Every structure is written in structure tokens, then in C-alpha cells.
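Asker: Below are the C-alpha cells for one structure; questions will follow.
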Amino acid sequence: MNYLQILAGVFFIIFSLTGISCAATDERILDGDFSDGFDFWQRARMDGGAFPVMSEGQVYFETESSGISGISQADVDLTGVGILKFTWSGSGSGSFKILLDLTEIYSEDVNFCSGISQADVSDFSGIYNLYFRLVSDSTSEAYLDDVSAKTSSLYRPTASATIAPLDEGSSDLVMSYLGLEQPYVDEESTGMNLSALAGEVFGVYSSSGLGPFALLIVFCMPFLGLWIMHRDMIIPGGIGILFSGFVLVRLPADFQGVAVMMIAVCVTAVIYSIYVRR
């Protein structure tokens, strides 16, 4: 396989993943094609308006005199939705309107347009009641179908809670113990503080319940690796005893229990290695 074939394969995977990501959508309208009739919708009328009915798979609105004929769907989540799409047609002298709660987002004369239409809902985020209404002062009619409000996988909900800033206290202390970000006075004053550095680095595990014992876990890893490879741990055990003595003497009192366990691990490793050699 040459480089061109590899490059073509990489581009194919990228385009495939991109296509999958863009195609993934989340429909926020329940039964927008009205295949279940009005199971997910509520009907309403006022004055001379009639209750909407199903006609050949579409919703049929009619007003014989001054009145309103409409349907609604409650608790529609428009978070991440940019466009509300729908198909409608009408005749007469009325107006076809769409509302989110009490806010009118679309209004057209029933003779103005027919076919696929859309309303911009990008400024709305959260839960709303969605209303479709035919409003007229004379005889009018309208048909509605294919209501859709989709959000792409590229959209993500906007953060609505305040995020607490990270505590950088431990980071500042670690940088200080490394001798960084300190004003130069002399070499001794700007040197590394190894004991304080070890205490602070492993102190960050205290919230997880490990505390200084995180050092013991790190310390035991080389012994485990050597045991898996060839079981000879005499030299590492001797070095570990010296290091454990440094921990016992130089680090804070919180590390004394850990140091004793480290010495126990080293002694056990040395005795085990001597036994295996016999």
C-alpha cells in the first residue's frame, strides 16, 4: 500500500465520520407528520373558528366567521434548534400564525404562500408551548403537515450554571517548591525544596482518600515490574530501603506510616529474591 492509498483512506474515514456527525439529528416535535392524528397535539377554537380535523393526512383549519382555529403541543424543547420547518397552504382572508408561548414568531396571509416554510427559532432556548393558529374575520381555511424542529449533533446545550474556577493553590506551591517563579535573591533561596515538593504533590490525593499512600502505590510499581520480568529484586530492594529512610527522616509526619510500609516491601523483596536464588 503506497502513501496515496493511505492518504485516501484517511480522508475517507474523516469524511465518513463527518457525514455521520452531521446526519445525526434530534427531533424535538412529537408526531410532526400527524401519523397518529392528534395524539400528541391539543385542538382549540374560539368564536367562529372550528376545531381542526384530519383531512388526507393533514391538519385542516377552518373559520367561517371571526374566530380562531388552532392546535398546540406542550413542552417543546428548542435548545440547539435553529429552524422550525413545516408545510402549509391556505385560502381566504385570514392569517396563519405560529407562537411560542405568548411570542409570535411567524405570521403570513393565507393567500401569501403555500408549500415548505420555516421560522427562525435560534433565539429561543428551553421549553415552550408551540401553537399553530388560523386567525380570520371571515371564511378561511388552511392545511398543515410535516412539522419539524431538529437539532444537529454539532449543537450542544449552552451552559446555564456558573462553573467554579479551579483551585490553583497546589499548582502555585508546586511551582514555588521547584524554584520557579521566585524572585532571585541567591542560589540557596531559589533552590528546590524536595521534601515540601513531595508532600504537596502527593497531598493532592487526600481528597480521594489515598493521601500519602499514593506514594506507596508509585513506589511499588518498579518492584511489581521486576517481579514479573525476572524476580531478582535484591539491588532495587536495597535502593528502596535507602529511599524509604529518606522518606522517614525528611518528609512530614504524615509519611511515617508510608515509609514503614515501603521498608517492609523492600525487605520482603530482598528476602524473596535471596530465597529464589537458592
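The values are calculated or read from the model by the stated rules, or taken from the named source; none is laboratory data. Please read these numbers as outputs of a predicted model, since none were measured by experiment. Glycine gets a Cβ as well: all are built from the backbone with ideal geometry, and neighbour counts include every protein chain shown. With ligands, DNA and RNA removed, areas are computed over all heavy atoms of the protein, side chains included. Shrake-Rupley method; radii C 1.70, N 1.55, O 1.52, S 1.80 Å.
Asker: For the range 12-51, give me each residue that is aromatic (Phe, Trp, Tyr) and modelled with pLDDT under 50.
Answerer: Within the range 12-51, Phe15 is the sole residue that qualifies.
Yes/no per residue for (1) in contact (Cβ under 8 Å) with a residue 12 or more places away in the chain; (2) in contact with an Asp or Glu (Cβ under 7 Å, 6 or more places away or on another chain):
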position: Gly67; (1), (2): yes, yes
position: Ser72; (1), (2): yes, no
position: Thr79; (1), (2): yes, no
position: Gly90; (1), (2): yes, yes
position: Gly94; (1), (2): yes, no
position: Leu102; (1), (2): no, no
position: Ile105; (1), (2): yes, no
position: Ile116; (1), (2): yes, no
position: Ala119; (1), (2): yes, no
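Asker: Does Leu197 satisfy the condition of being under 20 Å from Tyr177 (Cβ atoms), within 42 Å of the chain's Cα centre (by Cα), at pLDDT below 75 and not in a loop (DSSP other than H, G, I, E, B)?
Answerer: yes
Asker: Taking Leu173 and the conditions (1) modelled with pLDDT of 75 or more; (2) out of contact with any Pro (no Cβ under 8 Å at 6 or more places or on another chain); (3) of a type outside the set (Val, Ile, Thr), which numbered condition does it fall short on, given that it satisfies the others?
Answerer: Only one criterion is unmet by Leu173, namely (1).
Asker: Taking the range 103-123 on its own, how many of its residues are assigned to a loop (DSSP other than H, G, I, E, B) and open to solvent by less than 40 Å² (accessible area, probe 1.4 Å)?
Answerer: 3
Asker: Could you look through the range 142-167, keep only residues that are modelled with pLDDT under 90 and touching an Asp or Glu at 6+ places or on another chain (Cβ under 7 Å), and pick out the one that is nearest to Phe61 (Cα to Cα)?
Answerer: Checked the range 142-167; the qualifying residue nearest to Phe61 (Cα to Cα) is Lys150.
Asker: State yes or no: is Met54 in a strand (DSSP E or B), at pLDDT 90 or above, within 23 Å of Ser136 (Cα to Cα) and open to solvent by 60 Å² or more (accessible area, probe 1.4 Å)? Can you show your working first?
Answerer: On the way: in a strand (DSSP E or B): yes; at pLDDT 90 or above: yes; within 23 Å of Ser136 (Cα to Cα): yes; open to solvent by 60 Å² or more (accessible area, probe 1.4 Å): yes.
It is true that Met54 is in a strand (DSSP E or B), at pLDDT 90 or above, within 23 Å of Ser136 (Cα to Cα) and open to solvent by 60 Å² or more (accessible area, probe 1.4 Å).
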